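The values are calculated or read from the model by the stated rules, or taken from the named source; none is laboratory data. Since this is a predicted model, take the numbers as computed values, not measurements. Please note: Cβ atoms are built from the backbone with ideal geometry, for glycine as well, and neighbour counts cover all protein chains shown.
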Amino acid sequence: MTQFPDLTSFSGEAVLTILGMAAVTYGMRLGGLLMADRLPQHGRWAHVLERLPGAVLISVWVPSALSAGAIGIAGAAATVITMALARNLFAAMAVGMVLVGVGRCFIGS
Amino acid sequence: MSRPGQTENQTKTQPHAGHFDSDTIRRGALACMPLLPSTIIFGAVLGVLAAQRGLSLGELLFMSLAVFAGSAQFVSVDLWRETIPSATIIIATAVINMRYVLIGASLRPVFRGRPLWVKVTGMHMVADENWAVSMTQKDLANPGFLLGGGMFLGVVWATGNTVGYLLGGGIPDPEVYALDFAFTAVFAALTIGMWKGRVDLLPWIAAAIGSIIGHYTLPGTWSILAGAGAGVAVAALTWREDMDDDSLEAEFAVEGRDAYIAPEGTADITPATETGK
């Protein structure tokens, strides 16, 4: 390190940018919840809302498994299978990560 | 809520239960423990990047606790320059974090029947990880559980940031120990816990296909919205009148949290009214 970094300086511009980022992010978090509160509790919309977490979760990890290549897909498959059989988050994560780690070591990604 | 007796019951147990019970917060924090190594390493990687881009450590920590969204922070810090391109950064943040509208919406059962202040305070510390962990706690889902996970991840994330910022390098490459894969693994594993029955099958397949198509055709995190959109569309199309019962059951299961947080002796009220229905 050539010089000790300035730890506590806050430029007005930076603070405003961060506040803007925080406002849009928090706005979407709370806005989503308040919007859902206005949806009916039963019927089609309630059914759709029930399926939403799974759909979001799948859409988060499927593309990232693809990005990790063939070993990523194998790792995700191993994780899902372990979880379905053992119902243990630690074990499922460990199996997937060890597979990916070892796979990268020997095959490369 | 259309069940007679149920609403009554809610108002009776709620005041005892508390919204952010300290024991529940602790459980939420412990549930996010498997994410500690990856969160700290990625936090450190962001710290190294922030030091290179000229953010002060104070600004970085302020961002980590005020925005609290990993992927958006990586992109923002990467875009950061001497003259900050504020509009670009804020728009990029909005686009990347658009999934939080869906995540927020899916948290409805966790905040059901809670006052507005609980929603306002509980919705800030919501990251993908503690959301996913909370959503799979069938009987424990509770704003305190969610907040506990969020606070834990926030502290770990900020600690990682500080370590990376001060070291300015020498952080192990997350890929070497497959730590980058930890997030993929935890989300893949938690998906199993979200399975509520065969009604999930078609929307899930649609979400997978939508996100795969999005991954190859759209930039950045749009694939999440493509997949979620496909899942929602198929869920809406496959709904039938007779499914209502199932959805009621499922929503009720989440309300089972009342039994968990209710003080000793009052927990059996819910099943009693249930059978009397």
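Just one residue in the set B:Phe74, B:Phe62, B:Phe68 is surrounded by fewer than 22 Cβ atoms within 10 Å (Cβ to Cβ), at pLDDT 95 or above, not aliphatic (A, V, I, L, M) and not assigned by TED's automatic domain parsing to the domain that holds B:Ser223; that residue is B:Phe62.
The one condition from (1) without any contact (Cβ under 8 Å) to a residue 24 or more places away in the chain; (2) facing chain A (nearest Cβ under 9 Å) that B:Lys196 does not meet is (1). Annotation: B:Thr88 fulfils all but one of (1) surrounded by 18 or more Cβ atoms within 10 Å (Cβ to Cβ); (2) farther than 25 Å from A:Met93 by Cβ; the unmet one is (1). Check region A:22-30 and report whether any residue there is at pLDDT 95 or above, more than 7 Å from every other protein chain (Cβ to nearest Cβ) and in a helix (DSSP H, G or I). Yes, some residue in region A:22-30 is at pLDDT 95 or above, more than 7 Å from every other protein chain (Cβ to nearest Cβ) and in a helix (DSSP H, G or I). Residue under question is A:Val98, and the condition is that it be assigned to a helix (DSSP H, G or I), loosely packed, with under 15 Cβ neighbours inside 10 Å, at pLDDT 90 or above and over 16 Å from the mean Cα position of the chain (by Cα); does it hold? The answer is no for A:Val98.
Conditions (1) at pLDDT below 90; (2) more than 24 Å from A:Ile73 (Cα to Cα); (3) in a helix (DSSP H, G or I), marked per residue:
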residue	(1), (2), (3)
B:Ile205	no, no, yes
B:Ile213	no, no, yes
B:Asp244	yes, yes, yes
B:Glu249	yes, yes, yes
B:Gly265	yes, yes, no
B:Pro271	yes, yes, yes
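A:Trp45 meets the conditions (1) more than 7 Å from every other protein chain (Cβ to nearest Cβ); (2) not in a helix (DSSP H, G or I) in every case but one. The failed one is (2). Check whether at least one residue in region B:163-184 is closer than 18 Å to B:Ala66 by Cβ and in the same structural domain as B:Ala31 (by TED's automatic domain parsing), and report yes or no. Within region B:163-184, one or more residues are closer than 18 Å to B:Ala66 by Cβ and in the same structural domain as B:Ala31 (by TED's automatic domain parsing). Among the candidates B:Thr221, B:Thr191, the residue that is out of contact with any strand residue (DSSP E or B) (no Cβ under 7 Å at 6 or more places or on another chain) and touching a residue at least 40 places away in the same chain (Cβ under 8 Å) is uniquely B:Thr221. Against the list (1) surrounded by fewer than 18 Cβ atoms within 10 Å (Cβ to Cβ); (2) of a type in the set (Ser, Thr, Tyr); (3) at the interface with another protein chain (Cβ under 9 Å from one of its Cβ atoms), the condition B:Tyr165 fails is (1). Determine whether B:Ser38 is modelled with pLDDT under 90 and within 24 Å of B:Ala185 (Cα to Cα). Here the answer is yes, as B:Ser38 does meet what is asked.
Looking at region B:142-155, can you tell me whether even one residue there is touching a residue at least 12 places away in the same chain (Cβ under 8 Å), more than 9 Å from chain A (Cβ to nearest Cβ), surrounded by fewer than 17 Cβ atoms within 10 Å (Cβ to Cβ) and outside any helix (DSSP H, G or I)? No, region B:142-155 has no match at all.
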